[in-house]
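Undergrad: Provided herewith is a single structure, encoded as structure tokens, for subsequent inquiry.
The values are calculated or read from the model by the stated rules, or taken from the named source; none is laboratory data. The structure presented is a predicted model; accordingly, all values stated were derived computationally and were not measured. Positions of Cβ are backbone-derived with ideal geometry, glycine not excepted, and every protein chain shown enters the neighbour counts.
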Amino acid sequence: MIINKNQPLSRFEESGGGSGSGPGSGTGKTESPGGLEPAQASPDHSGSSELLELFGKQSSVPLDSKRLPGWLQDYLMITTRYTDARPGLLLTAFLPFCAVNLGNRVFMTNNGLPIYPNIWSCLIGRSSISRKTTALRFAERSIREYEESLENGPLAEYERKTLVMNGITVAKLFRYLAENPCRLFLHQELAAWLGEMNKHYNQNYRHEVTKLFDGVNTTFTNLERTDRVRKPALSVAGATTEGWLYKNLRDGPDQLSGFLQRMIYYVVKNISLDEIDLIYRDDGDLDDGLAFFENNLFRFWRDIPGCFQLRLSDQAREFRNAEYEKIYHHYFKKDNEALMSYFSRIYDGYWFKFCILFTLMWKSEEFSTALSRGNCADFFARERVELSAATQAMYLCGFYMENTRPFLAIMEEEDKLAGERRLLDLLINKYGGSAGHTQLMNGAHMKKREFMDIIENLIERGAVRVETQKTRNHPSAKLYVVAPVLMESFSTFRSEE
């Protein structure tokens with residue numbers, strides 16, 4: 001299989017970008033160095049946009065694959081031959097598997113602190129049809145060859161070298177990290193792990209794991225032993241559903257504790273029937289295609305002797321400073337503390353992580369040559385993060401900020417607006433978008449005070465407007481009509497509902 005490492009592939013030039021507005025719109029334009037002007041960094045907060053975020057049937061944020069390094073375009077080209085999973089979902093599952101192979105062997109600094117390229121990603125979507133498990137399994141197959149090479153060796157060697165951990169206790173997690181701090185915690189259902197952290201006997205679990213993300217040296221002690229973890233580079237790949245997160249992690253302390261902000265998210269929004277591919281596919285040469293990453297990237301990354309610092313070029317530094325200032329001002333004006341917390345993690349942390357990964361992808365041939373000659377130190381002393389990698393990293397930060405903002409808005413309002421959503425669903429799906437006052441209140445089976453509070457909130461937000469209609473008993477009875485933008489967002493999915 002021939003892989004074109006740094007040039008766009010024809011399939012994704014045509015289909016990888018998807019459709020829609022905002023980052024990843026599929027235009028392929030790169031006039032702005034960062035790929036995101038502030039006005040594009042998030043959807044506008046006009047009335048229509050806010051209504052759609054709170055009540056509408058939203059589409060997933062599209063990924064413009066042309067704005068990624070060729071290696072990642074190759075991965076998407078290979079995997080989308082075998083699944084109808086969204087490219088953004090496949091990419092988000094794959095990034096932690098890239099990161100764990102590099103681990104703590106390369107770092108950058110920001111404000112004097114080291115940043116390793118470990119990545120925590122979370123796939124969010126409905127069970128079965130969103131393809132979360134498929135995306136994680138495809139990503140895991142990219143390191144299958146390496147993991148299988150360890151299976152027949154001594155158990156102690158396997159535990160020291162294996163990259164992937166799942167279903168282990170907190171004590172064993174720290175023991176594994178003490179032996180090898182470059183690991184990936186894989187969760188097919190992230191809810192189980194997060195639920196474990198909330199148990200009373202694991203009160204410090206979340207705090208300790210959060211420290212690991214930041215590369216902080218830590219010591220874990222229990223009655224049996226003491227484990228010291230140095231230069232940790234723990235990556236996480238997991239999946240869950242929106243409903244579980246809304247139910248269990250909606251409180252302010254969860255939002256502002258710093259744990260959730262360390263993750264990048266891909267949210268699979270409403271999927272229509274015509275988007276689901278029901279055709280059978282065997283796996284063909286999938287493993288051969290995915291093995292290319294192990295044989296031409298990952299094994300070289302794991303062989304890096306020591307820990308080396310990567311620095312920005314002058315162009316990349318100037319670009320980062322200019323783009324960061326514009327985007328920061330854009331989000332600061334939103335006056336949303338939780339949103340700014342996610343902004344800081346993405347643009348102050350993940351941008352550097354992506355720069356490390358993308359630079360080593362761009363420089364893969366030069367690096368493998370330097371490694372074979374024992375010149376790693378010279379390579380990192382000489383090479384810099386160039387503008388191309390910095391630009392791609394900034395685009396990807398915008399993409400994940402796009403996935404974070406509507407996710408946050410819905411989480412914050414989920415409980416408060418549950419009645420409003422229920423009433424809108426009834427008004428649209430049962431009554432076709434308009435209903436009289438008595439008709440709607442009887443159909444909702446709500447008490448009068450509850451109904452009036454909810455309908456007044458919907459009117460105030462612009463989700464519903466009041467018109468008058470003549471009836472047999474009332475010459476000017478109230479008629480509640482759903483906003484056109486919400487009717488349009490529901491229409492695509494009404495046949496399924």
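Undergrad: Within the range 123-140, restricting attention to residues that are within 18 Å of residue 185 (Cβ to Cβ) and surrounded by fewer than 24 Cβ atoms within 10 Å (Cβ to Cβ), which residue is nearest to the chain's Cα centre (by Cα)?
TA: 133
Undergrad: So, one more: Filter the range 75-96 down to residues that are part of a helix (DSSP H, G or I) and farther than 14 Å from residue 123 by Cα, then give me how many there are.
TA: Going through the range 75-96 one residue at a time, the tally reaches 5.
Undergrad: Another question about this same structure. If a residue counts only when it is hydrophobic (A, V, I, L, M, F, W, C) and at pLDDT 90 or above, which strands (runs of 3 or more DSSP E) contained entirely in the range 199-314 have at least 3 such residues?
TA: Hits in the range 199-314: 233-240.
Undergrad: State which residue is surrounded by the fewest Cβ atoms within 10 Å (Cβ to Cβ) when the search covers only the range 150-207 and only residues that are in contact with a strand residue (DSSP E or B) (Cβ under 7 Å, 6 or more places away or on another chain) and basic (Lys, Arg).
TA: 175
Undergrad: With respect to the numbered conditions (1) over 14 Å from residue 420 (Cα atoms); (2) exposed (fewer than 12 other Cβ atoms within 10 Å of the Cβ), which one is the sole condition not fulfilled by residue 445?
TA: (1)
Undergrad: Return the total of residues in the range 424-435 being buried (at least 18 other Cβ atoms within 10 Å of the Cβ) and closer than 10 Å to residue 55 by Cβ.
TA: Residues that pass the stated criteria total 2.
Undergrad: While we're here: Filter the range 201-210 down to the residues that are within 20 Å of the chain's Cα centre (by Cα) and of a type outside the set (S, T, N, Q), then identify the one that is nearest to residue 185 (Cα to Cα).
TA: 209
Undergrad: Checking residue 388 against (1) under 23 Å from the mean Cα position of the chain (by Cα); (2) under 30 Å from residue 296 (Cβ atoms); (3) surrounded by 20 or more Cβ atoms within 10 Å (Cβ to Cβ), which test does it fail?
TA: Every listed condition holds for residue 388 apart from (3).
Undergrad: What pairs come up if the first residue lies in the range 458-487 and is modelled with pLDDT under 90, the second is among the polar types (S, T, N, Q) and assigned to a loop (DSSP other than H, G, I, E, B), and their beta carbons are under 8 Å apart, counting only those six or more places apart or on different chains?
TA: 468/476; 469/476; 470/476; 477/471
Undergrad: Of the numbered conditions (1) closer than 26 Å to residue 403 by Cα; (2) part of a helix (DSSP H, G or I), residue 370 satisfies every one except a single condition; which is it?
TA: Result: residue 370 passes all but (1).
Undergrad: While we're looking at this one, here's another question. Touching a residue at least 12 places away in the same chain (Cβ under 8 Å), in a helix (DSSP H, G or I) and within 30 Å of residue 292 (Cα to Cα) - does that describe any residue in the range 113-125?
TA: no
Every residue, every condition in (1) without any contact (Cβ under 8 Å) to a residue 40 or more places away in the chain; (2) of a type in the set (A, V, I, L, M, F, W, C); (3) surrounded by 20 or more Cβ atoms within 10 Å (Cβ to Cβ), yes or no:
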{"position": "261", "(1), (2), (3)": "no, no, yes"}
{"position": "280", "(1), (2), (3)": "yes, no, no"}
{"position": "312", "(1), (2), (3)": "no, yes, yes"}
{"position": "326", "(1), (2), (3)": "no, no, no"}
{"position": "341", "(1), (2), (3)": "no, no, no"}
{"position": "350", "(1), (2), (3)": "no, no, yes"}
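Undergrad: For the range 129-177, what are the residues that are among the hydroxyl-bearing types (Ser, Thr, Tyr) and not in a loop (DSSP other than H, G, I, E, B)?
TA: Within the range 129-177, 133, 134, 146, 149, 158, 176 meet the criteria.
Undergrad: Looking at 364, 372, which one is without any contact (Cβ under 8 Å) to a residue 12 or more places away in the chain and not acidic (Asp, Glu)?
TA: 372
Undergrad: Quick one: would you say residue 109 is in a strand (DSSP E or B), more than 26 Å from residue 202 (Cβ to Cβ), of a type in the set (Val, Ile, Thr) and at pLDDT 90 or above?
TA: yes
Undergrad: Can you find a residue in the range 330-347 that is modelled with pLDDT under 95, among the charged types (D, E, K, R), touching a strand residue (DSSP E or B) at 6+ places or on another chain (Cβ under 9 Å) and closer than 30 Å to residue 77 by Cα?
TA: Yes, the range 330-347 contains a residue that is modelled with pLDDT under 95, among the charged types (D, E, K, R), touching a strand residue (DSSP E or B) at 6+ places or on another chain (Cβ under 9 Å) and closer than 30 Å to residue 77 by Cα.
Undergrad: Let me ask something else about it. Pairs only if they're at least six apart or on different chains, beta carbon under 7 angstrom, first in the range 425-453 and under 23 Å from residue 470 (Cβ atoms), second surrounded by 14 or more Cβ atoms within 10 Å (Cβ to Cβ) and of a type in the set (Gly, Ala, Ser); list them, first residue then second.
TA: What qualifies is 427/433; 427/435; 430/443; 436/477; 437/477; 451/444.
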